[in-house]
Amino acid sequence: MSKQEFLVQLRKGLSGFPQEDIEERVTFYSEMIDDRIEEGITEEEAVAAIGTVDEIVKQVIAETPLAKIAKKKIKSKRRSRVGEIVLLVLGSPIWLSLLIAAFAVILSLYASLWSVVISLWAVFGLLIGCAFGGVVAGVVFACSGNAPSGIALLAAGIVCVGLSIFMFYGCKAATNGTLILTKKMAIWTKNCFIKKEVA
């Protein structure tokens, strides 16, 4: 792909962004291609080394703050008609309450997900405490002449150590999965604000 074709596709891919952001990105990648050509590689190789347009657009969406995207979308390109304003005001008891309810449901589901992750970490902490307590109590009982109880407590402490190791990896995976889900939700929300213009 030539530099010009790449820049045209990049401009189309970024069509939902503010114009100054599009120009800034196109200029940046144009200069990057020129720098690589000056280093002695061909134009096609320089374009291929940068990556695909889809990857760049995904990266730009991830890096752009949601507030900036929303602010651009809120600025209306045309004036609202009086009829539209009246309908929005009269319908606000319905659409506003539905919007608040949807937001509350999504927020409660998200909070529930994090509460499960926090509960898993709490269980991990309790297993560590039981392991430590079982080993210490087992040694104390064994030294005080109650060997069967000491051995049983020591065995229970060792079992808790093993369970806590497994629990740690499960907690870590649950936390990472929730963080990835959070990132994907943020990118999806940004994509909702960015509508591609039809070329």
> Any residue at all in segment 7-24 that is at pLDDT 80 or above and among the β-branched types (Val, Ile, Thr)?
Replying inline: yes
>> Please go through segment 164-194 and give me each residue that is in a helix (DSSP H, G or I) and over 17 Å from the mean Cα position of the chain (by Cα), ordered by number.
In response: SER164, ILE165, PHE166, MET167, PHE168, TYR169, GLY170, CYS171
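Please determine, by comparing only the residues of segment 6-44 that are of a type in the set (Asp, Glu), over 31 Å from the mean Cα position of the chain (by Cα) and surrounded by 12 or more Cβ atoms within 10 Å (Cβ to Cβ), which one is nearest to PRO65 (Cα to Cα). Walk me through how you get there before you give the answer.
Narrowing segment 6-44 to residues of a type in the set (Asp, Glu): 20-21, 23-24, 31, 34-35, 38-39, 43-44.
Subset that is over 31 Å from the mean Cα position of the chain (by Cα): 34-35, 38-39, 43-44.
Then drop every residue that is not surrounded by 12 or more Cβ atoms within 10 Å (Cβ to Cβ), which leaves 34, 43-44.
Numbers: ASP34: 29, GLU43: 32, GLU44: 32 Å.
Here the residue is ASP34.
Hey, among VAL89, VAL117, VAL105, which residue is out of contact with any His (no Cβ under 8 Å at 6 or more places or on another chain), of a type in the set (A, V, I, L, M) and more than 30 Å from ILE61 (Cα to Cα)?
VAL89
The values are calculated or read from the model by the stated rules, or taken from the named source; none is laboratory data. Model, not experiment: these values are computed from the prediction. All Cβ positions, glycine included, derive from the backbone under ideal geometry; neighbour counts span all protein chains shown.
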